[in-house]
Amino acid sequence: MNPGSLAPAERTRPAAPARGSEVFVDLRGVSRNFGAVQALRPIDFQVLRGECLGLVGHNGAGKSTLMNVLSGTLNASAGTITVNGADLSGRYDVRVAHHAGVRCVFQELSLCPNLTIAENARIAHPALRGIGWRKRAAALMQGALDQVFPGHGFGMGDVVGEMPIGRRQMVEIARAFTETEDEARLVILDEPTSSLDQGAADQLIAAARRFAAGGRSTVVISHKINEILAVADRVVVMKDGTIIDDRPRAAWTRDSIVEAMGHAAERIRTTRVTTATADTVVEVPSSGSGSLAFRAAKGEIVGLAGLAGHGQTDTLLAIQSRAGGAKVSGEVALVPGDRVVDGVFPLWSIERNISARWLPDLTQGGLIRLGSERRKAQEWGARLALKTPDIRDPILSLSGGNQQKALFARALGSPATVILMDDPMRGVDIGTKQDVYAMIAKEADMGRTFLWYTTEMDELYYCDRVYVFHYGRIVKELVAAEISEDAVLRASFEEHA
Amino acid sequence: MSRQALFATAERLLPAITLGLLLAAIFTEQPRAMSYFGLNLLLSLAIPIMFATLAQMMIIAINDLDLSIGSYVSLVACIGSTLLTSQPWLGALALVCGIALYAAVGALIEWRRLPSIVVTLGLSFVWLGLAVTLLPTPGGKAPAWLSGSMRAQPAFAPLPIYFAAVLSLVGWLVVSRSSFGVILRGAGGNARSVARAGWSLLGIRMAVYGMAGLLGTISGLCLLGLTTSGDANLASRYTLVSIASVILGGGSFIGGRVFPVGAVLGAMTLTLAASFLTFMRINADWQIGAQGFILVAVLALRAMLSRGREAA
């Protein structure tokens, strides 16, 4: 499970020359409008049999719209859709797509949390019915999970809602690979690894390669370019609702992809000039044998790394509630990672969502001072370059990345001096990320402390110090120059490997 | 068994434990109740409540709430005591129309994205109006076959026990075990994902409301069989009792978490609670409050168990 296991030699596909060139999905002149907005300009898009296609582009580039059209959840406004040689335009919907073997794992989790793993398989498969359907559903999911995530340890009667988000995503991915009378011929993975730890992400990449080797196809959408480079045979770049580049994997480099997406080359491996001072503002004592104590100074950016769900969030929450012996001086604000669950108030305006954390400081005689609320919300919206015509619009009118910016504004606009970040960049586009990284550095310079749990290795380079978590314990502290993907992975897998 | 599993089991068994404790308390207070006739008397009124509770449970399973079930059950009793006796075919047709209307309301709620609470609250006045029109003053007469069958005294156990057993079994098979039940609960858990998998939410909602209408109809007929005459306000308290029973049985208002067996036990518990308080010679003025207290105590216990399970 080490990152080196995807050496180029292993990546080349076993010879299947005849199938390789067959077109499985062929979209011609497909477009989609939402009112006056053209989310998808007329485009041609093909997926070949046995191909793993990487699809990149920042938020709003039209990737998700294209995939929704391909999986039948959105109707195309124009164009023809041919799957497996059959022209399905005009009568293409989810059922038809499923029958033709097209499956999609959506970015936001779409399992039913109140149902078990096996029961969720039933939701996807109309054919799972009649006597004994439970046994068949359980066997189906067990098989798919064993195949994609060997050693997963799930019970098929486990209720999905009681699992952590990363485990749920594993179930959802595996479900897309299940087959009843409808085969799985093309699986679309939209940000599949956003909540997975490195081990599971590597397993998924390997599974996608095996799937392709069997003559099936996958489309992988990811903001993690390394992942795209590891898995794809061909990389398609989208921007502003159209395809702007399409080349085989060999013709791409990390830099060229980022450049094609319309951003300057990503900042990689730049070491931060630290703004940490000597005063300690956060202290959490060691949680037991072999665990280090946690400490953060004023003006410092401290990373919480390690595999997803190994106690990083719990530590942040303990700091927030000052539980477990945590000593914190000054106010604390949290930027949540799971927007839908602990982030936005879906029925409120952007402005109200932003100001929710500030209200104690905006009240006079028990009433909210509406004027200052609006001014301040507008100011923070502008500072974070929130893309909206009006701050009074509903929060759900924003794209995911911009919703996340609003949550940053909520925390940063408060008087809090310690900002906790619970993996807030999950599935956010690079443009938004760059804006937020710059803001974090600036705020740290002004004396704020950031405690940053992240599952993205690149983000650790923005930190002064990194604690690596493993099964609820802090097993390693990395300072500035020591921080590297390799060092974090080594610490994460050291003990129980 | 791990601590977590222990808590989970306790949580699941809570409705049965509550009912058991209540029965034990009643039997200690009134040993004569521990007989065929005693149980029959105690529980016969639970039969229509069980059906009304299952109707409510279907609706709650998809995150809706039916505030009209009480007046609908009353309306059915009124139809039963007038039309069904005088013109059986017309009466039967009226009952079928009622079920179809229920399904149509489900379609309306889905189609216009209306809040079920508002629609069914309005609907409760429609049912009440129809019932008053049909039977302006309490009276009428139940068809003889109906009151006769509700007086049946089967072997081994009194009629309500048979009803409870059969309803639990059928409810469990349909809602908790069948592939249809999964779609139904899935729609409560994550409607969008169910729709994305190609299921018609319109169809699901119509089926659910139709089934609730059917169960409500049976409830009304059973009630009429017991009382033998109708009244437009006969079952008006069923609305809240049915909601309480579903929740007492382990269900949640949102998220598609419903338990048919628990709901049936909850309906029996609430029926018995009233008798128990009478046995305890608690003033009738205090009884409603005392019933509420039992409900709060059980729910608090459940919350504690579920928290304990999460902490374990």
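The values are calculated or read from the model by the stated rules, or taken from the named source; none is laboratory data. Just so it is clear, the model here is predicted, and its values are computed rather than measured. No Cβ is skipped: glycine too gets one built from the backbone with ideal geometry, and neighbour counts run over all protein chains shown. Note: areas computed on protein heavy atoms with side chains; ligands, DNA, RNA excluded. Shrake-Rupley method; radii C 1.70, N 1.55, O 1.52, S 1.80 Å.
Over segment B:3-311, with the other protein chains present, what is the accessible area per residue in square angstrom, probe 1.4 angstrom?
Numbers: 13820 Å² over 309 residues.
Value returned for segment B:3-311: 45 Å² of accessible area per residue.
What average number of partner chain Cβ atoms lie no more than 10 Å from the Cβ of the residues making up B:169-179?
Values: counts 0, 0, 0, 0, 0, 0, 0, 1, 2, 5, 12.
Counting other chains' Cβ atoms within 10 Å and averaging over B:169-179 gives 2.
Percent relative contact order of chain B, based on C-alpha pairs within less than 8 angstrom and at least six residues apart?
Numbers: 513 pairs, mean separation 114.9, N = 312.
Relative CO of chain B lands at 37 percent.
When only C-alpha pairs under 8 Å and at least 6 residues apart count, what is the relative contact order of chain A, in percent?
Working: 968 pairs, mean separation 77.6, N = 497.
RCO, chain A: 16 percent.
Quick test of the membrane-span-like rule: which DSSP H helices of chain B reach at least 27 Å along their long axis (C-alpha atoms) with mean Kyte hydropathy at least -1.0?
Details: long enough: B:3-29 (36 Å, 1.05); B:88-111 (34 Å, 1.68); B:201-227 (38 Å, 1.60); B:260-279 (28 Å, 1.65); B:284-311 (41 Å, 0.63).
Qualifying helices: B:3-29, B:88-111, B:201-227, B:260-279, B:284-311.
Return the equivalent ellipsoid semi-axes of segment B:80-176 as a descending list in whole Å, where each equals the square root of 5 times an eigenvalue of the C-alpha gyration tensor.
Its equivalent ellipsoid spans semi-axes of 29, 24, 12 Å.
Can you pull the accessible area of B:PHE163 for me, 1.4 Å probe, Å² to the nearest 10?
50
Can you sort B:THR28, A:THR80 by 1.4 Å-probe accessible area, starting with the largest? If you can, show how the numbers build up before the last one.
Values: B:THR28 110, A:THR80 55 Å².
Of B:THR28, A:THR80, the descending order of accessible area is B:THR28, A:THR80.
What do you get for Rg/Rh over segment A:78-145 if you use C-alpha atoms and the Kirkwood form of Rh?
Numbers: Rg = 14.6 Å, Rh = 13.9 Å.
Across segment A:78-145, the Cα-based Rg/Rh ratio is 1.05.
In the protein assembly as shown, what % of DSSP beta bridges are antiparallel (nearest 5)? Before the final figure, lay out each step's value.
On the way: 38 of 73 bridges.
Percent antiparallel among DSSP bridges in the protein assembly as shown is about 50.
Summing -39500 (n - 2.57) over the DSSP H runs of n ≥ 4 in chain B and dividing by its residue number, what mean residue ellipticity at 222 nm do you reach, to the nearest 500 deg cm²/dmol? Mind showing how you got there, number by number?
Numbers: 15 runs with 234 residues, N = 312.
The helix-only estimate for chain B comes to -24500 deg cm²/dmol at 222 nm.
On average, how many beta carbons from a partner chain sit within 10 Å of the beta carbon of a residue in B:180-188?
Working: counts 2, 2, 14, 7, 0, 5, 9, 2, 3.
Shielding by partners across B:180-188 averages 5.
Once you charge only the Cβ atoms, +1 for Lys and Arg and -1 for Asp and Glu, what is the size of the charge dipole of the protein assembly as shown about its Cα centre, to the nearest 20 debye?
Computed charge dipole of the protein assembly as shown: roughly 1380 debye.
If N is the number of residues in segment B:39-125, what value comes out of its Cα radius of gyration divided by 2.2 N^0.38 Å?
Values: Rg = 14.6 Å, N = 87, 2.2 N^0.38 = 12.0 Å.
Taking the Cα Rg and dividing by 2.2 N^0.38 Å, one obtains 1.22.
Over segment B:214-312, calculate the relative contact order: mean separation of alpha carbon pairs under 8 Å at least 6 apart, over the residue count, as a percent. Mind showing how you got there, number by number?
Details: 56 pairs, mean separation 17.4, N = 99.
Across segment B:214-312, relative contact order equals 18 percent.
Using only DSSP helix segments of four residues or longer, with each worth -39500 (n - 2.57), what per-residue ellipticity at 222 nm results for chain A after dividing by its residue count and rounding to 500? Display every interim value, and only then the final one.
Working: 18 runs with 164 residues, N = 497.
For chain A, the value works out to -9500 deg cm²/dmol.
How tilted is helix A:370-383 with respect to the longest principal axis of chain A? Cα atoms for both, answer in degrees (0 to 90, nearest 10).
60
With every protein chain left in place and a probe of 1.4 Å, what is the accessible surface of A:LYS433, to the nearest 10 Å²?
That residue has around 10 Å² of solvent-accessible surface.
Peptides B:123-136, B:183-196, B:281-294, A:38-51: what's the order by average Cβ count within 10 Å, highest mean first?
Values: B:123-136: 17.6, B:183-196: 22.5, B:281-294: 12.2, A:38-51: 20.0.
In descending order of packing, they fall as B:183-196, A:38-51, B:123-136, B:281-294.
Going from most exposed to least, what order do B:TRP172, B:TRP145, B:TRP199 have by accessible area with a 1.4 Å probe? Let's see the in-between values first.
Details: B:TRP172 105, B:TRP145 155, B:TRP199 55 Å².
If we order B:TRP172, B:TRP145, B:TRP199 from most to least accessible, we get B:TRP145, B:TRP172, B:TRP199.
Could you please state, rounded to a whole Å, how far the C-alpha centre of segment A:323-384 is from the C-alpha centre of segment B:212-286?
Here the two parts' Cα centres lie 44 Å apart.
Given a 1.4 Å probe and every protein chain left where it sits, what share in percent of the accessible area of segment B:152-254 is carbon and sulfur?
Ligands and nucleic acids excluded, carbon and sulfur give 72 percent.
Any chance you could give the angle, 0 to 90 degrees and rounded to 10, that helix A:133-148 forms with the longest Cα principal axis of chain A?
Roughly 70 degrees, rounded to the nearest 10.
Mind giving me the FRET efficiency for B:ALA24 and B:SER306? R0 is 22 Å, r the Cβ-Cβ distance, nearest 0.05 is fine.
Working: r = 25 Å, r/R0 = 1.12.
E between B:ALA24 and B:SER306, to the nearest 0.05, is 0.35.
On the principal axes of its Cα set, how long, how wide and how thick is chain B? Give whole Å, largest value first.
Projected onto the principal axes, the Cα atoms of chain B cover 61, 57, 38 Å.
I'd like the mean, over residues of A:125-136, of how many other protein chain beta carbons sit within 10 Å of each residue's own Cβ.
Mean partner shielding for this stretch: 2.
Relative to the longest principal axis of chain A, what angle (0 to 90°, nearest 10) does the C-alpha long axis of helix A:198-213 take?
Computed tilt is about 10 degrees.
Report, in cubic angstrom per residue, the convex hull volume of the C-alpha atoms of segment B:1-76.
Values: hull volume 10.9 nm³, N = 76.
Value for segment B:1-76: 143 Å³ per residue.
Greater than 31 Å separation of Cα atoms is the criterion. Which listed pairs, A:LYS298/A:LYS433; A:LYS63/A:LYS135; A:LYS224/A:LYS442; A:LYS63/A:LYS298, meet it?
On the way: A:LYS298/A:LYS433 23 Å; A:LYS63/A:LYS135 37 Å; A:LYS224/A:LYS442 25 Å; A:LYS63/A:LYS298 41 Å.
Too far apart for the 31 Å limit: A:LYS63/A:LYS135; A:LYS63/A:LYS298.
Keeping all protein chains in position, work out how much accessible area A:TYR92 exposes to a 1.4 Å probe, and write it in Å² to the nearest 10.
20
Considering the alpha-carbon set of chain A alone, what are its Rg and its Dmax in angstrom?
Radius of gyration, then largest Cα-Cα span, for chain A: 23.3, 77 Å.
About its Cα centre, what dipole magnitude does segment B:72-222 give when the only charges are +1 on Lys and Arg Cβ and -1 on Asp and Glu Cβ, stated in debye to the nearest 20?
Roughly 360 debye for segment B:72-222.
Just to be sure I understand: if I project the alpha-carbon convex hull of segment A:419-497 onto a plane and average over all orientations, what area do I get in nm²? If you can, show how the numbers build up before the last one.
Details: hull surface 22.5 nm².
In nm², the orientation-averaged hull projection of segment A:419-497 is 5.6.
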